[in-house]
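The values are calculated or read from the model by the stated rules, or taken from the named source; none is laboratory data. Computed from a predicted model, the values in this text were never measured in an experiment. Positions of Cβ are generated from backbone atoms using ideal geometry, with glycine treated the same way; all protein chains shown enter the neighbour counts. Each accessible area value is taken on the protein alone, full model and side chains, heavy atoms only, with ligands, DNA and RNA left out. Shrake-Rupley method; radii C 1.70, N 1.55, O 1.52, S 1.80 Å.
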Amino acid sequence: MAASQKLYAALFHVLLLSLFPLKAKSSARTQAEALVQWRDTLSSSPPPLTSWSRSDLHNLCRWSAVSCNPTSRTVSRINLYSLSITGTLARFNFTPFTDLTRFDIQNNSVSGTIPSAIGSLSKLNYLDLSVNLFEGSIPVQISRLTELQYLSLYNNSLSGAIPFQLASLPKVRHLDLGANYLENPDWSKFSMPSLEYLSFFLNELTSEFPGFITNCRNLTFLDLSLNNFTGQIPELLYTNLGKLETLILSTNLFQGPLSPNISKLSNLKNLSLQNNLLSGQIPESIGLISDLQIVELFTNSFQGNIPSSIGQLKHLEKLDLRMNALNSTIPPELGHCTNLSYLALADNQLSGELPLSLSSLSKLTDMDLSENYLTGKISPTLISNWTELTSLQVQNNFFYGYIPPEIGKLTRLQYLFLYNNTFSGSIPPEIGNLKELSNLDLSGTHISGPLPPTLWDLTNLQILNLFRNNINGKIPPQVGNLKMLKTLDLNTNQLHGELPQTISNITSLTYISLFSNNFSGSIPSDLGKYMPSLKYAIFSNNSFSGEVPPELCSGLSLQQFTVNSNNFTGSLPTCLKNCLELTRVRLDENRFTGNITDAFGVLPNLVYVALSDNQFIGEISPDWGECKNLTNLMMDGNRISGEIPPELGKLPELQRLSLGSNDLTGRIPAALGSLSMLFHLDLSNNHLIGEVPRNLTSLQGLQYLDLSNNKLTGNIPKELGSYEKLSRLDLSHNNLSGDIPFELGNLNSLQYLLDLSSNSLSGAILQNLGKLSQLEILNVSHNHLSGRIPASLSSMVSLSSYDFSYNELTGPLPTEGVFQNASARSFVENPGLCGKAEGLSQCPTTDSSKSSKVNKKVLIGVVVPVCGLLVIATIFAVLLCFRKIKIVTNGESSNSVIWER
Amino acid sequence: MAHLYLLSVFLSLLLSISPSLSSNSEGNALHALRSRLVDPTNALQSWDPALVNPCTWFHVVCDSNSHVTRLDLGNSNISGTLGPELGQLKHLKYLELYRNDIGGKIPKELGNLKNLVSMDMYGNKFEGEIPKSFAKLKSLIFLRLNNNKLSGSIPRELTTLKELKVFDVSNNDLCGTIPVDGPFSSFPMESFVNNRLNGPELKGLVPYDFGC
């Protein structure tokens, strides 16, 4: 037993010994097999990996993307970057790769989680998994890679907290976890003093500034941007991180002032703190950081001066201080930064003139001084030196004077924005030299004169905005040269004449706005035919005539079509009903004719439609009820006939419905009562019959209701009294009968008008109307109202006009308030009415007790002049009778003078 | 990687050069007003600053020259405050903001509305004093500021408003005496009730802000 045991032991020993050399050999083979095995799991493996072949396992070290350790003949490096690999690492067997020092699969499409087995690569010093599709959390096993110096997991979809175990990687110099969805670890467990490069860019970190960073004294690069870090930037950062060359803390929630100690970062080249909540002054000491090349402090709340010390930064290339609250002038010292190529000071409260010293900034390519209070002239000296500029933006300031002709020297300009300043003079012809220009905006600059002919040499123009100026003259045929033009906005100028035919050839045009000019003639008939992307066609407020081009909307991209207030005739383009993108259509105040019944189909995006004041015929299509976004439908002042389709009641957003002054017949559809957003309803001047539908009273937002001049019958619904917001109510010129409902007195917002005139209303005027204390115009004339005018009406303190004439009112006029200076005209043809108003009969003194108290003096004072007047009147009448024959031919005209209406 | 793509879109939006909008000062003033107001029922939804002028906005009425003459925002369930920019609506005749929930001070710039006929701000939460600048509103006929939280005295300067026919400051927290000159000779006492006012002014004896 013992012998056999010994034998086994010896055999085992031999076997074991024989395994040792074998192990080294088979390890290379295992590695090769592992690689091939993994390659075969990839759903897309690139051509270079075809050298990974099962038949060639022994040539592992000659395979592409693989390097071997020359002594051990095993894999030391795997470099698979940018090979369009699609797959996962799940079946990558890391175990055999004991000598691997570098694993780089950057920029592929490797997905899934990072396998925890990666922790077995114990000699790894370089791990780059960046720009892939890894998800899940970072495996804590990475912390076993104690030789790691370079770790980049940049731009994956990793989530969860950053494992604090990373802190046990003592040699890591480069750590990039940027562009993931990582969350805060417990920073107090972190300590990575060897770090030279650290990026947490674009994650979901929300803590205060991680304290461990201020102990990374070898850091040269730090990027914490695009997180939600809060609190102040710690003072220790400035004192400890003197080697920093790049400091990027942008787009976080850092607050507080920027410490003057910033100057201790004496090696800093790039300072990017934009998009935070930093406040206070920009420290003057910033000028001591002499290597600075990039300073980005925009979108903070910095106040006060632009430090003049910035002038000491001779290497400065980019200075961006936009969107702060800086309120100084521009320091002349800035002109010493002669390496500046990018200068952006926009959207501050900077004032004063541009210092002439800025003319030394001859390397400037981008300059944005917009949205400030800058003033003065744009000096030719400055302009002449900025010949490298590609973008010049000084819009929204108070610059004045001429636009200098020297602008023509800026031949590299692509963007020229001078809008909203108070320049004078005209557009310099030299602008035609700016052949690279793609965006030109001179709108709202008070410039006048004609369009220079050279403007049409700018064949790269995509946006030409010259609106709100005093530009006159015509658009010449050369406008057709601007083949790249997308936006042409010349609105609100004094341009006249016809549009040239060539404008139709600008096939890229998406936006044309010419409103409020003096254009005349017809629009070229093929406009739009070759413009598949035309979205905005705005021609309002001109004197255009003729037909709208029939193919204007043939690209079916049209969103806004506004041609109101012109002299257009003819019918509408038939393509309109297919333009499903349309949001706004204004055709009002033209002389369009034609049948609109089918001119518009179901246009789901339509918000605003005005067809008013044309000569359209046809009927209101029930399809309008399907335009669910419609807020405004105005068709008044046409010759539209037929009935009002009840489908209009299906428009949940409709706020204004104006169908007045047409030839509409039938009844008011009760369905209109469902228009809960409606505030303006005008159905006046039609031939509508039937009663006012009682359920209209669910229109609780109604402010304006005009049903006048129809043939409506029945009573005024008492429910009208519940319109709390109604400020104008016109039911005049109908055949309404019955009483004025008591409830109308509850319309406490009624202000502009209450017109019930020319109906067949009867009964008394109720006291309750007196509550309408804000009403300015009241008309109840031409009815059959009877009884007295209630004294309560005298408290309608806002009344400026009232008419009670042509009724059957009786009794004395109230004498107080608004009736104090009553004019007879407001009461005529009420035989029973009496009162002091001139032309009314005196009220009989019925109250005897009162009359007995009348002082004798007063009685005499009244009787004597009255009798006197009577005597004089009699004499006058007699005289008139004698002279009647002489004036009979003038009788009518003198009558009309007396009864002036 | 989608993450970074979104970022680049975001950045390009941030850096893109915004085109200038067609606008006029009255439209800007109204847009500024909108930005100060809270509008839960979307009464101001149509106030689109991209439109040329505000004349097609709902509750805004213009004259034939596209100048804003009326602002009808009574009973509109809006809150927030007013700002100085309202004073830019030089052609405004009717300023109707009654029965809302607007607070803060009444901007003194409203005194620049030379053509104003009617100012109805009753039934809000306005506080502070009635601006003295209202004395410049020479066309004003209706001034209803009742049911607010206005304090201070009634500015004597208002006695120079010859056209003023209706004046109501009842239900506020005003103090001092009630003017008696000019149009104030004819306003009923109901216009002044529920304040801390000390009755009509006794000229020469008591300062008008007595008791303030």
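Given Cα pairs under 8 Å that are at least 6 residues apart, what percent is the relative contact order of region B:45-122? Each step should come with its number before you reach the end.
Values: 146 pairs, mean separation 20.4, N = 78.
Contact order relative to length: 26 percent.
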Exercise for review: Report A:His680's accessible area, 1.4 Å probe, all protein chains in place, as a number in Å² to the nearest 10.
Suggested key: 30
Exercise for review: May I ask for log10 I(q)/I(0) of region A:477-576 at q = 0.14 Å⁻¹, from a Debye sum over the Cα atoms as equal point scatterers with solvent left out?
Suggested key: -0.44
Practice item. Would you jot down the residues in region A:645-659 that end up with at least 20 Å² less accessible area in the complete protein assembly than in the chain alone, with a 1.4 Å probe? Key: A:Gln655, A:Arg656
Review point. A:Thr422 accessible area, nearest 10 Å², 1.4 Å probe?
Key: 60
Revision key, fill the gap. Among B:Val68, B:Leu161, B:Gly123, the residue whose Cα sits farthest towards the positive end of the charge dipole of chain B, when +1 is placed on the Cβ of each Lys and Arg and -1 on the Cβ of each Asp and Glu, is B:Leu161
Exercise for review: Mind putting together the pair-distance distribution for region A:63-196? All Cα pairs, 10 Å bins, whole percent per bin, short to long.
Suggested key: 13, 45, 34, 8, 1
Revision key, fill the gap. In whole percents, the bins of 5 Å from zero upward hold the Cα-Cα pairs of region A:328-441 as 2, 13, 23, 29, 22, 9, 2, 0
Study note, to complete from the structure: Compactness summary of region A:781-829: radius of gyration and Dmax from Cα atoms, Å, are 10.2, 25
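Give me the accessible area buried between chains A and B, both sides summed, with a 1.4 Å probe, in Å² rounded to the nearest 100.
Values: alone 39680 and 11080 Å², together 47220 Å².
The buried area between A and B, both sides summed, comes to about 3500 Å².
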Check your understanding: Reported to two decimal places, what Rg/Rh ratio describes region A:679-732 when computed on Cα atoms with Rh from the Kirkwood expression?
Key -> 0.93
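How large is the charge dipole for the protein assembly as shown, taken about the Cα centre, if only the Cβ atoms of Lys, Arg (+1) and Asp, Glu (-1) carry charge, to the nearest 20 debye? If you can, show how the numbers build up before the last one.
Working: 80 positive and 90 negative charges, 250 e Å.
The dipole magnitude comes to about 1200 debye.
Tell me the volume per residue, in Å³, of the convex hull enclosing the alpha carbons of region A:738-823. Please list the in-between numbers first.
Working: hull volume 6.5 nm³, N = 86.
Normalising the Cα hull of region A:738-823 by residue number yields 76 Å³.
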Check your understanding: Which residue, chosen from A:Ser520, A:Leu145, A:Ser45, occupies the Cα position most advanced towards the positive end of the dipole of chain A, where the dipole is computed from +1 (Lys, Arg) and -1 (Asp, Glu) charges on Cβ about the Cα centre?
Key -> A:Leu145
Practice item. Report, to two decimal places, the Cα Rg of region A:450-534 normalised by 2.2 N^0.38 Å (N = number of residues). Key: 0.98
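Rounded to the nearest 5, what is the percent of antiparallel bridges among the DSSP beta bridges in the protein assembly as shown?
Details: 9 of 187 bridges.
Here the antiparallel bridges make up roughly 5 percent for the protein assembly as shown.
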Check your understanding: Per Stokes-Einstein, at 20 °C and 1.002 mPa s, what whole-number D in µm² s⁻¹ belongs to region A:138-230, with the Kirkwood radius over Cα pairs as the hydrodynamic radius?
Key -> 165
Review point. Based on the inverse mean of 1/r over its pairs of different Cα atoms, what is the Kirkwood hydrodynamic radius of region A:407-493, in Å?
Key: 12.7
Practice item. From other protein chains only, count the Cβ atoms within 10 Å of every residue's Cβ in B:38-45, then give the mean. Key: 2
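Got a sec? What order do A:Tyr181, A:Tyr238, A:Tyr373 fall in by accessible area at 1.4 Å, biggest, i.e. largest, first? Show your work: numbers first, answer last.
Details: A:Tyr181 70, A:Tyr238 5, A:Tyr373 120 Å².
In descending accessible area the options line up as A:Tyr373, A:Tyr181, A:Tyr238.
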Practice item. With an 8 Å cut-off on Cα pairs and a minimum separation of 6 or more residues, tell me the relative contact order of chain A in percent. Key: 3
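Could you tell me which of rounded, prolate or oblate describes region A:561-691, using a ≥ b ≥ c as the square roots of the eigenvalues of the alpha-carbon gyration tensor, with rounded for a/c under 1.5 and, failing that, prolate when a/b is larger than b/c and oblate otherwise? Mind showing how you got there, number by number?
Values: a/c = 1.69, a/b = 1.19, b/c = 1.42.
In terms of gyration-tensor shape, oblate.
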Review point. Rg and Dmax of the protein assembly as shown, Cα atoms, in Å?
Key: 41.5, 173
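Mind checking the mean number of beta-carbon atoms from other chains within 10 Å of the Cβ atoms in A:797-804? Working shown, then result.
Numbers: counts 10, 6, 1, 4, 0, 0, 0, 0.
Taking all residues of A:797-804 together, the mean is 3.
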Exercise for review: Quick one: accessible surface of A:Tyr802, probe radius 1.4 Å, all protein chains present, in square angstrom to the nearest 10.
Suggested key: 30
Review point. With heavy atoms of protein chains only and a 1.4 Å probe, what residues of region A:739-759 have at least 20 Å² less accessible area in the full set of chains than alone?
Key: A:Asn748, A:Ser749, A:Gln751, A:Tyr752
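How large is the convex hull of the C-alpha atoms of region B:44-195 per residue, in Å³?
Details: hull volume 14.7 nm³, N = 152.
Here the figure is 96 Å³ per residue.
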Review point. So for chain A, taking the charge dipole from beta-carbon charges (+1 Lys/Arg, -1 Asp/Glu), which of A:Asn433, A:Ser658, A:Cys553 sits furthest toward the positive end?
Key: A:Asn433
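Could you order peptides A:471-477, A:836-842, A:521-527, A:484-490 by the average number of other Cβ atoms within 10 Å of their residues, highest first?
On the way: A:471-477: 16.9, A:836-842: 13.3, A:521-527: 19.1, A:484-490: 21.4.
The peptides rank, most packed first, as A:484-490, A:521-527, A:471-477, A:836-842.
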Point to revise | Computed over region A:519-585, Cα set: Rg, Dmax in Å | key: 10.9, 30
Check your understanding: Quick one: which bits of region A:498-517 get at least 30 Å² less accessible when the partner protein chains are in, versus the chain alone, with a 1.4 Å probe?
Key -> A:Phe515
Exercise for review: For n ≥ 4 DSSP H runs only, could you compute -39500 (n - 2.57) per run for the protein assembly as shown, divide by its residues and tell me the 222 nm figure to the nearest 500?
Suggested key: -3500 deg cm²/dmol
Check your understanding: So which chymotrypsin sites (Phe, Trp or Tyr not before Pro) in region A:377-419 pass both tests, a DSSP loop state and at most 15 other Cβ atoms within 10 Å of the Cβ?
Key -> none
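Give me the dipole magnitude in Debye, nearest 20, for region A:241-325 about the Cα centre, with unit charges on the beta carbon: positive for Lys and Arg, negative for Asp and Glu. Present the calculation step by step, with values, prior to reporting the outcome.
Numbers: 6 positive and 6 negative charges, 16 e Å.
Value, rounded to 20: 80 debye.
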Practice item. Report in % the part of the accessible area of region A:280-399 that belongs to carbon and sulfur, leaving out ligands and nucleic acids; probe 1.4 Å. Key: 48
Revision key, fill the gap. Accessible-area order for B:Ser191, B:Ser64, largest to smallest, probe 1.4 angstrom, reads B:Ser64, B:Ser191
Study note, to complete from the structure: log10 I(q)/I(0) for region A:181-284, Debye formula on C-alpha points only (no solvent), q = 0.12, 0.18, 0.21 Å⁻¹, two decimals, reads -0.35, -0.83, -1.17
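When you look at the Cβ of every residue in B:65-77, what mean number of other chain Cβ atoms sits within 10 Å?
Values: counts 0, 2, 0, 0, 0, 2, 0, 10, 1, 7, 9, 4, 1.
Counting other chains' Cβ atoms within 10 Å and averaging over B:65-77 gives 3.
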